[in-house]
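Please read the structure below before turning to the comments.
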Amino acid sequence: MSNVILESIITCPECGAKKKEVMPTDACQYYYECASCHKLLKPLTGDCCVYCSFGSVKCPPTQENGACCS
């Protein structure tokens with residue numbers, strides 16, 4: 001896992017709130033509840049997790065392999 005970034009800033013598409021989170025390295029995070037407006041975020045079509053859809057950095061498996069959780 002060299003050069004893999006483990007922190008990502010998730011931006012809520014509903015209210016625009018941003019929050020820094022530590023990404024899991026061993027599983028996809030499919031759901032994420034915005035701390036501000038409480039909207040439940042799910043990945044966009046074609047993305048494997050909320051970090052790939054709404055994060056400033058893609059999830060660790062995608063960073064390493066170009067693909068995630070398959």
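The values are calculated or read from the model by the stated rules, or taken from the named source; none is laboratory data. Predicted model only: the values in this text are computed from it and were never measured. Note: ideal-geometry Cβ built from the backbone for every residue, glycine included; neighbour counts use all protein chains shown.
Just a few scattered comments:
- Total residues in the range 1-44 satisfying the condition of being at pLDDT 95 or above, over 11 Å from the mean Cα position of the chain (by Cα) and among the polar types (S, T, N, Q): the figure is 1.
- Residues of the range 3-31 that are of a type in the set (Ser, Thr, Tyr), closer than 13 Å to Cys48 by Cα and surrounded by 12 or more Cβ atoms within 10 Å (Cβ to Cβ): Tyr30 alone.
- Inspection of the range 46-55 finds a residue satisfying the criterion of being free of Cβ contacts under 8 Å to residues at least 12 places away in the same chain and more than 13 Å from the chain's Cα centre (by Cα).
- Residue tally, condition under 24 Å from Asn3 (Cα atoms), in a strand (DSSP E or B) and not β-branched (Val, Ile, Thr), over the range 13-70: 5
- Gly55 being of a type in the set (Gly, Ala, Ser), within 22 Å of Gly66 (Cβ to Cβ) and loosely packed, with under 13 Cβ neighbours inside 10 Å: no
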